[in-house]
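S.K.: Below is one structure. I have some questions about it.
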Amino acid sequence: MLAINRFRVTDEDAFLARAEPAIAFMLACEGNLSAELVRNLDEPDLWCIASTWRNVGAYRRSFNGFQAKVTLVPLLSEAIDEPGAYDHPDDLGENLPRTR
């Protein structure tokens with residue numbers, strides 16, 4: 001499962017001070033396969049945290065507990081409001097996309 005969280009950043013230093021611990025937290029979570037902070041090449045104020053997870057359950061469980069509430073939630077609440085969870089069509093299983 002791939003999770004994409006994009007941000008419009010006005011204060012780069014403040015953002016990095018919060019994003020780097022969030023990345024470290026994600027990397028320490030069970031079921032996390034990777035997490036990285038990247039910056040858009042064309043729009044330098046657009047940043048993204050891209051993380052991969054064993055499955056959607058591992059991603060959702062990463063938000064449990066006190067440390068997640070103080071490290072992840074405040075930062076991710078500032079992300080651009082858009083769908084950000086993706087999975088390969090062959091791996092969807094019970095996690096089928098919503099139909100309109």
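The values are calculated or read from the model by the stated rules, or taken from the named source; none is laboratory data. All values reported here derive from a predicted model rather than from experimental measurement. Positions of Cβ are backbone-derived with ideal geometry, glycine not excepted, and every protein chain shown enters the neighbour counts.
S.K.: Take the conditions surrounded by 11 or more Cβ atoms within 10 Å (Cβ to Cβ), out of contact with any Leu (no Cβ under 9 Å at 6 or more places or on another chain) and of a type in the set (S, T, N, Q) and apply them to residue 52. Does it pass? Show your work before the answer.
M.R.: Details: surrounded by 11 or more Cβ atoms within 10 Å (Cβ to Cβ): yes; out of contact with any Leu (no Cβ under 9 Å at 6 or more places or on another chain): no; of a type in the set (S, T, N, Q): yes.
Criteria not met by residue 52.
S.K.: Which fully enclosed strands (runs of 3 or more DSSP E) of the chain have 2 or more residues being in contact (Cβ under 8 Å) with a residue 24 or more places away in the chain and among the charged types (D, E, K, R)? Let's see the steps before the verdict.
M.R.: On the way: elements: 2-8, 32-39, 46-53.
The strands (runs of 3 or more DSSP E) meeting that bar are 2-8.
S.K.: Looking at the stretch 32-40, is at least one residue of a type in the set (D, E, K, R) and farther than 20 Å from residue 87 by Cα?
M.R.: So the first thing to find is which residues in the stretch 32-40 are of a type in the set (D, E, K, R), and the list is 36, 39.
With farther than 20 Å from residue 87 by Cα added as a condition, the list becomes 39.
Looking through the stretch 32-40, at least one residue is of a type in the set (D, E, K, R) and farther than 20 Å from residue 87 by Cα.
S.K.: Which of the residues that make up the stretch 25-57 are under 12 Å from the mean Cα position of the chain (by Cα) and of a type in the set (Gly, Ala, Ser)?
M.R.: 34, 35, 50, 51
S.K.: Is it fair to say residue 41 is of a type in the set (A, V, I, L, M), at pLDDT below 95 and loosely packed, with under 13 Cβ neighbours inside 10 Å?
M.R.: Here the answer is no, as residue 41 does not meet what is asked.
S.K.: Identify all residues within the stretch 26-36 that are surrounded by fewer than 18 Cβ atoms within 10 Å (Cβ to Cβ) and touching a strand residue (DSSP E or B) at 6+ places or on another chain (Cβ under 7 Å); write none if there are none.
M.R.: 27, 31, 33, 34, 36
S.K.: Kindly indicate which of 23, 4 is surrounded by 15 or more Cβ atoms within 10 Å (Cβ to Cβ), in contact with a Phe, Trp or Tyr (Cβ under 9 Å, 6 or more places away or on another chain) and modelled with pLDDT of 95 or more. Step through it out loud before you land on a result.
M.R.: Values: 23 fails: in contact with a Phe, Trp or Tyr (Cβ under 9 Å, 6 or more places away or on another chain).
Among 23, 4, only 4 is surrounded by 15 or more Cβ atoms within 10 Å (Cβ to Cβ), in contact with a Phe, Trp or Tyr (Cβ under 9 Å, 6 or more places away or on another chain) and modelled with pLDDT of 95 or more.
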